[in-house]
Every structure is written in C-alpha cells, then in structure tokens.
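Bear in mind that the values in this text are calculations on the coordinates, not laboratory data. Worth saying up front: this structure is predicted, and the values here are computed from it rather than measured. Heads up, the Cβs are rebuilt from the backbone with ideal geometry, glycines too, and the neighbour counts pull from every protein chain shown.
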Amino acid sequence: MDETASPTEHEHTRTGLSVDALHRALLDNLFYVVGRFPAVATQQDYYRALAFTVRDRLLHRWLRTVQTYKAERSRTVCYLSAEYLPGPQLGHNLLALGISDNAGEAVRRAGLELEDLIEAEAEPGLGNGGLGRLAACYLDSLATLQLPAIGYGLRYEYGIFRQRIDEGWQVEVADSWLRDGNPWELRRPHIAFEIRLGGHTERYLDAHGHSRVRWVGGELIRGVAYDTPIPGYGVYNSNLLRLWAAEATESFDFGSFNAGDYQGAMRRKIRSETVSRVLYPNDEPETGKRLRLLQGYLLVSCSLQDMLRIHLGSGDSLDRFHQRFVVQLNDTHPAIAVAELMRLLLDEHGMRWDPAWELTRRTFAYTNHTLLPEALEKWPLPLFEETLPRHLEIIFDINQCFLDEVRIRFPHDDALATRLSLIDETGPRYVRMAHLACVGSFSINGVARLHTGLLTDTVLRDFHALWPERFNNKTNGVSPRRFSNLSNPGLCALLSRVAGPGWAADAERLRLLEPYAHQPEIYPEWRRIKLERKRALARYIAAQTGVAVDPESMFDVQVKRIHEYKRQHLNVLHIIALYSRIKMDPALDPVPRTFVFGGKAAPGYAMAKLIIKLIHSVGEVVNRDPAVRDRLRVVFVPDFNVKVAQRIYPAADLSEQISLAGKEASGTGNMKFALNGALTIGTLDGANVEIREEVGPENFFLFGLTSAEVDALKRSGYCPYGCYRENPLLREAIDLLAEGLFSHGDRDLFRPLVDHLLHRDDYMLLADFQSYVDCQDRVDRAFRDADSWTRMSMLNVARMGRFSSDRVVQEYCRDIWRLEPVTIRP
Ligand code: 26Q
C-alpha cells in the first residue's frame, strides 16, 4: 500500500510502506546515508538506516501538517518544558505509522531482527523523571487527537546521567546520547534566535515621545532549532518537537580573530555552547545555579521569538497573538516566559504596558507539579539582576501593579501583600517563580485531585483566594500506545481481541474487558502473558545484575526516582522485617517474592544514594541466606529509564506507590503499572486516590495515614522514637540495620539513615510501618488465590481507561487551550 498513486522510483523508495519498498529503502539508506555495505554493517548501522527509512516516511506528513496549520492559522498550544523523556523513537514511530509488521519483514529479509534494531537505539534522556515523561505522553496524545501543538524544549548534549552500580553504590556516567548521531532530528539552521545575557538597561524616548527601555551590553548567544517529528497514532498528523541548542553567535569571533586572539574566541564559543550542554538533575543543591537560569531563559526566549515569527509571518497582527497561541508552562522552569514576553512586546515591538500585560496574561497557563517547599523554584535577586537585568525590572513593575491591586481589594492586610509578593523579602531576597507564573497565567492547575486541593489550601492558598476562577485540576495520564501497546505485545493482542483494536486510541474501550474478568476460562491466558513478561525481565535481571530470580514468584516492584518522600526505605524495612520473621519462625512460609527496585538518585543527594546502597546490602544478605529457602530475592535494576521501564511495568504483579500522603503530586508510574495488570499497594497520595476509586477499593491494597492525619500528627508533635519503642517488629528491623547485619558489622554505614528515622523521620515511615506490614500480609494472602488475583488484575486494566493521556489532553483542550482538531489528509 503506497501513499502515492503512481510513484516514481524515487518517491517509492522514500515513501512506500510495502515490505518491498521498506526493504529497498533500508539498503538504500544503509549505503547512501549511513555509508556502509551490508557485509560490514553493524546492528547500529542498520538501526540508523531503518530510522532514516522511517523518518523519510514521516516527512511528508510532517511538512503537510505544518503547511495546513499555517494556512488555516490554526490555534496552537505551545508546551514549554525544560524536560522531555520521549523514549526510543523507532518502535513508537513504526506503531504510529502502522507498519511494524512490514518493517519487521523487511528487516528479516536483510537477515536481521527488528527487535534487535529497536534495542540498538539510545534514548534521549532529556528529563529527570515524571514531569519530562508526562510532557512526552502529552505530545503523543496531542498528535493522535489531531491537535495543533509544538513542544518546545532544550537539546541537552548530555541528558540525565547513566547509572552504574559499584559495590552497591551509584556511580554517575555521562550520557552521551548524541555520540552515534540522532537520525530523528533535523537541524534547522535558518531557525535561530539570539538571546542576551548580562549587560544593563537604558531609558530613551522613541519617535512618538514615549519612554522606552533598551537592554544593551553583556553577551549574545544563539539558540538553533532541532526538530523531531511527533506522529499521531493512526492519523496523518505529525506535530513538532522543537529543541534549542546553544551556539556562539556568528559575530562572536570577528573581533578576537582579527586581533589574533584565537584562544579567547574559542573560550567564548565554548562558553556559549555550555548553556545547553547538560541537563540538571533535580534535588541538587544550589551549585551551578546560574547556568540553570540561563537554560530556562534560552528555552523561553527562543520559543517566544519563534512563536512571534510564526504569528507575524502569517500576516496576523500582534494584538491577536493570544488568539493564535496558548502557552502551557510545565512547572515553573519556564516561568521567566511571563517577563520575557512582556520584554519582547514592550522593548522589541513597542507595545504599551497595559495591552502587553493583557495579552501576556491571556497567553499563559501554568501547571504545578509539586508541593514540597524545597522544590519551589526561587532565584537570588543579585544573580537575577546580574544575568537578566531587564527581566528583573519588568518583574518589579509587574509586582507593583499586582500588589496595588491586592491592596485595593484587601486594604488592611499588609501581611497578605508580603506573602503574595513576587519577591521573597523575609531574608535574603529571592524571585519566587511560582508567584510569577500565577500572576502571569489565566489558568493554574495541579496534576491530581488531591494535589490541586492541597495546592489551593497551602502553597497557593492566597492566590486561590484572589482568583479562584483561575484554578483547576487536571489529573495526569499516560500514553496507552507506549505503556501498553509497545511494551506489552501479548497483553495488547488479547485486548485487541476482546475490546477491538481501537482501544489504543480510545482507552475507555478497555471496559469491554470487564465481563471477561468474571470468566475464569480466560485466566490462564492472562497469567501466561504476565509470566512471559516476567521471564523476559528475569533474563534481563540476570544479565544486568547476575542475580537469578524465579519468574513464578510475586514480582513486587518499586521503580521511580529515589527520594525520601517516596519511601523506598519503608519498602526495605518491610523486607528486613519479613526476613527476620522467617529467621525467627522457620515454619513461616510467605509467598515467594522478588523485590525489584530501580531509580536514580540525584548526585548530590547523599541520603538517596545511601538508600540505593541499603537496597543492595539487604539484597546481598537475604539473597544468600539458606534460611530464607529462596522465598525472598531483592534486586536493583540499574539505570532505570524509559527503555528499562518498558520491560518492567508489564512484568510487575505488585506496584509500590507508598509515598507519605500529601507529598507525591500525582505519580504516573502508578498508572503504567495498573494499565499492565499490576495491583497497587499504596497510600492515599497523588493520583492513587483516583486510581483506587476507578478500579474499586476491593482491587487496591490501601494502607497508611491520610494527608489530614499526617498534618494532625505533625501538629500534635510526632515522635518516631515512640513508634520504635512500642513496636517489637519495627524495633527488630531497625536494630538489625543499626547493628550492622547488612554492613558486615559496620555500625556507621547506615547510621545517618537510622538516626534520621529515629529522631526526625520527616516522611513518617515509622508511623506507617505497621499499617504497611499488615497490608503486605493481605497482599501475601491474596496472591495465593491465583484466580482471585487474576480477576483483580483484569479489573484494574479494564478500569484504567480514565488515565490515558488522551483523556487529559481533551480536558486541557476543553478547559484551557480551546483548540479544535485539524485533520491532515495525505
Ligand atoms: C529545579 C530547579 C533546578 C534544578 C532542577 C529542578 C527540577 C527539575 C525537575 C525540579 C523538579 C523536576 C521534576 C519534577 C517532577 O518530575 N515532578 C513529578 O511530576 C510528575 C508529573 O506531574 C508527577 O506525577 C510527580 O508526582 C512529580 O513528582
């Protein structure tokens, strides 16, 4: 089936979708683009040849989409995000084009396996975790729903570090994902913008006698666009991910070169390029902060300049900008956009303040992803002033107008103005980015119902009191294409049989599985699918860690960034307790379990790194102890990323979502597990609350304090030592740890952890310990009844449709973006 009616030979090879055309294109690209003969080509060479083959097929769709949006001046959402975790592209794009089978056959003709080529791709690790992956899921859904969208981000040369494990400790390795080239991107040298850093401002009168400001001096850097196509699933639309790379400006070196200062010129070139060199891990202390500010500014300025170029280029007037574009701020990382759009409108386009502010405020919408006070972004004033002096002036002006408004509405409340101010003046002065985002946006949303509720009650309470109409909730979702279709082919085949193949584009159809959950005839097949994924994961674990795990055991999995609030160490305390119970009572016969962990710790986060060491140390003792009789295994899968995730979610029986209530904004891993038939053990935190409502409380293992109880306990004076003293099992677990059972007698190794738990326990592990252990006992009993477990598993999948990112994007569209689908035809 070729797309062109009477193709020339050339078009055919570039666009044809038949096995024949794909095979020809593969060899053609291998020779003409990769530059290799089949006889000497490696898997990597073939991967690249196939990637170019697929990209060729995307180009028409992509250019046609851009052309149509432009011609129709379609209202477009620009998703501004410092992070994207799109995962490997090859398998996903084949799926979107519907040519996985044909490509598989074409590859086989060349004597290779498609799976191996898919495996050869290095994924773009341009994000830390949930927030970056969410952005990628939304781009997938936007394209699939035929909605005009551009994802704007940064082309980090080094993504999130790769994790190696050395004697149980995390070692960070640079992620040079571009080393073998990136066949999916197109460099767009003609789409480039300059940004200024440093310098100072000057006031002057323009031709109309208006007072205006000029920002001069400092240095200039260029951002160049690199475009990656984002094809929709089963539609012709293909949207755009546009990432900016920092470069030196063309003029950077003339002065120096002419003066013969080659080294000086090179230094400046390198300094410019440094801006997009590397992604910052979150949870990092203050170090290297200036560069992070520059990154945010590069992203924001280039993206806004690009939007203005597109808008004015299609002949539209500036004052209609907000009708053409809506800009979604993915957390506060791009919040400087509020000040930058003002600067562009005022200083570059000569607009007056009031209309410029009106336009700005009608352009932005802000999504908050955290309640943790330490994660709320703020920048020291001196740093801001030195780097972005004009923006600081604009922020002061915005603040003045804003606080005047506040004082008029609440005349006798000075404290209120202090709390709302864009500038934190309680100590050393800071710019509060969340406040800037709130003031500059017409919509403010949290990412789960509980999270939005807590947001309006706590960190953004005063803003909510001012503008309740701006607040709304958008509970997160995940892409069923990547986290079901692509990663779990067995499950996908079954779903297509019972629910029809349409479920991948309409996840509500998963409900059609529900009647089968009550038909035991289908259970063996359901279990076979899970077992097959567990076997595959077991092989991977053996290859990566050398630990043999039993695919018949319960796979109890916790994979996510390592953070104290996520409480991986609560999971470990349960393992230690279980281990000790087996030792003390040899008759105890728990269901065999494999505890699987995975996740990266921020390089500067010592406690998180110690938790990784703890997991390994406990594993070393438990996995080897004959007294355990192979009932327990503990493994840590290194370098958790999208690729590894696709192996893990489908293989899980039990999903650990055990953060302290009120701390996890939403979580999205929780959704990926449940969508793959894992049952959840979890607290009432983030989206767990809504997942439990959807799948039914009887199909969810709930434990722990509620966020209200957490609050009350904190207020009444929480004493973790009391829990320790009064609970013998807990005492035993902590004592074993403290006495060095897992550290060859070394009592110092885990002391920071133990001390923290006993005397502070910010995340209340000890308060939730017994409830967690009891709940794990219920899990143990439930797993013994294979039929009942299978039914629960099926009901989870059948009722997870709501957590498709398609549903979320439709809600964003309805409530915030107000976009219409635009059908692109071949
Ligand atoms: C900020 C300043 C300096 C350096 C790094 C950062 C930074 C970078 C990334 C701070 C935070 C992040 C990422 C946060 C994140 O992933 N949050 C998660 O977002 C998910 C999607 O909404 C939620 O499901 C998770 O609950 C939330 O933790």
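Below, the figures for the structure above:
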| quantity | calculated |
| --- | --- |
| Sparsely packed trypsin sites (Lys or Arg not before Pro) within the stretch 134-222, loop by DSSP, other Cβ within 10 Å at most 12 | 179 |
| Computed lengthening from residue 528 to residue 547, 0.36 nm per intervening residue step minus Cα-Cα distance | 4.5 nm |
| Extension gain, residue 323 back to residue 374 (0.36 nm per residue minus Cα-Cα distance, nm) | 14.8 nm |
| Relative packing of peptides 343-352, 477-486 - highest average C-beta neighbours within 10 Å first | 477-486, 343-352 |
| Residue order, fewest to most beta carbons within 10 Å, for 144, 201 | 201, 144 |
| Sequence of 583, 663 once ranked by neighbouring C-beta atoms within 10 Å, starting from the fewest | 583, 663 |
| The stretch 458-603 shape via C-alpha gyration tensor axes, a/c threshold 1.5 | oblate |
| Inter-site label distance for residue 787 and residue 115 at 7 Å from Cα along Cβ, in nm | 3.3 nm |
| Low-density loop positions, trypsin sites (Lys or Arg not before Pro), the stretch 367-427 - DSSP coil, at most 11 other Cβ in 10 Å | none |
| Peptides 795-803, 541-549 ordered by average Cβ neighbours within 10 Å, highest first | 795-803, 541-549 |
| FRET E, pair residue 108, residue 706, Förster distance 56 Å, beta-carbon r, rounded to 0.05 | 0.55 |
| Sequence ranges 515-521, 697-703, 122-128, ranked by mean other-Cβ count within 10 angstrom, highest first | 122-128, 697-703, 515-521 |
| Violating pairs (Cα-Cα greater than 27 angstrom) within the set 560/583; 378/663; 566/714; 613/714; 269/600 | 560/583; 613/714; 269/600 |
| Residues with amide H under 5 Å from that of residue 471, placed H, sequence gap 5 or more | 444 |
| Pairwise label distance in nanometres, residue 188 with residue 508, each label 7 Å out on the Cα-Cβ vector | 3.5 nm |
| Sorted by Cβ neighbour density within 10 Å, fewest at the top, the residues 208, 744 | 208, 744 |
| Long-range amide H partners of residue 125 with built H, under 5 Å | 159, 160 |
| Rounded if a/c under 1.5, otherwise prolate or oblate - the chain, Cα gyration tensor axes | oblate |
| Whole-Hz ³J(HN,Hα) from phi, Karplus 6.51 cos²θ - 1.76 cosθ + 1.60, for the stretch 578-592, glycine and proline x | 5, 4, 5, 5, 5, 5, 6, 10, x, 6, 4, 10, x, 4, x |
| DSSP bridge orientation in the chain - percent antiparallel, rounded to nearest 5 | 45 percent |
